[in-house]
Amino acid sequence: MVDKKMMLIDPHIHMTSRTTDDLVKLNKAGVVAIIEPAFWLGQPRTTVGSFQDYFSSLIGWERFRAGQFGIRHYCAIGLNAKEANNEALAEEVMELIPLYACKEGVVAIGEIGLDDQTALEEKYYRRQLDIAKELDMVVNVHTPHRDKKQGTIRSMEICIEHGIDPNKVIIDHNNEETAKEVLDRGFWAAFTIYPKTKMGNERMIEILKTYGTDHIMVDSSADWGCSDVLSVYKTSQLMLERGVPIEQVRQVCYQNALTAYGQSGKMKEEDWTHPSEVDDRALFQGNSVLRGQTSGLDYISDSNVVT
């Protein structure tokens, strides 16, 4: 396989579900920055306190943990579509979102949107768009797994109704069915590469041949399910192998994510091109990632981590 290492950004990855070895793999693959949208944890939360602790971990521990392995961590804060269907809890979460949205490293409201496309999902999607508009923030939109085209179009129509600039909205989890509509309307189109579902990296190359590279980005969404933390890297390598010019690969696997989320003013290239030196003895609230080791840098160079 062609191995032309370049700087990569994964603009949608759920590192709270991943291990330290995954951070090492990302580092070795050239991933310099990641964006972690708030999401569903696999089972419904029952109290607002569990949301509060989760949001705090996204701006705190996870940011610190990634930084210890040389990766800049940013996040998006929002109420996901699934849990918007618990109205009493959703009301409480709405109170939290503005408090966290303005924190350091929060580059968007997200991932929000529609899943089963219920009235409650739409209600809280609209509420969060209003928050994004008031705070002038970028938005990351989850699109449904079922009736995807209908849900994607509806999601964009609602954005327009709320006066949201399409250039500040990333419509995520696209496929061949939705790509044209999203791009024609001026939104950013993100494609989540899953090993067996949603979008494969072979299909992604065909998307580029059809639509070019403008307003398109690749992500992994790597989470607690069957997913691949190296999806962005592997897709970039396959693109090069298939003759896609390196400038185009760089655009969809790096630059477009930086341009879109950089509108937040909180994500800048110099964050990783001129980083502070990693102090692997540093603590976050009294805790480190070393777990008894003397150096995290030794672990990064450990050949036992298979990539």
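The values are calculated or read from the model by the stated rules, or taken from the named source; none is laboratory data. As the structure is a computational prediction, the values presented were derived from the model and not from experiment. Every residue, glycine as well, gets a Cβ built from its backbone with ideal geometry; the counts of neighbours run over all protein chains shown. When the accessible area is computed, the model is the full protein with side chains, heavy atoms only, and any ligands, DNA or RNA have been set aside. Shrake-Rupley method; radii C 1.70, N 1.55, O 1.52, S 1.80 Å.
Here is how the numbers come out for the structure above:
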quantity	calculated
Selection status of ILE71, aliphatic (A, V, I, L, M), more than 13 Å from the chain's Cα centre (by Cα) and closer than 18 Å to SER276 by Cβ	yes
Selected residue (criterion: farthest from the chain's Cα centre (by Cα)) from residues of the range 216-239 that are open to solvent by 20 Å² or more (accessible area, probe 1.4 Å) and closer than 17 Å to GLY30 by Cα	LYS234
Selection from the range 249-288 of residues that are open to solvent by 60 Å² or more (accessible area, probe 1.4 Å), in contact with a Gly (Cβ under 8 Å, 6 or more places away or on another chain) and either over 15 Å from ALA33 (Cβ atoms) or at pLDDT below 90 (or both)	PRO275, GLN285
Criterion: out of contact with any strand residue (DSSP E or B) (no Cβ under 6 Å at 6 or more places or on another chain), open to solvent by 10 Å² or more (accessible area, probe 1.4 Å) and of a type outside the set (D, E, K, R) - qualifying residue of THR178, THR213	THR213
Residue within the range 29-37 that is open to solvent by 10 Å² or more (accessible area, probe 1.4 Å) and more than 16 Å from the chain's Cα centre (by Cα) present	yes
Matching residues in the range 223-269 - criterion: being part of a helix (DSSP H, G or I), under 24 Å from SER17 (Cβ atoms) and touching a Leu at 6+ places or on another chain (Cβ under 7 Å)	VAL232, TYR233, SER236, CYS253, TYR254
Pair list, Cβ < 6 Å and 6+ apart or interchain, from the range 153-174 residues that are in contact (Cβ under 8 Å) with a residue 40 or more places away in the chain to residues that are among the hydroxyl-bearing types (Ser, Thr, Tyr) and open to solvent by less than 20 Å² (accessible area, probe 1.4 Å)	HIS173/THR143; HIS173/THR192
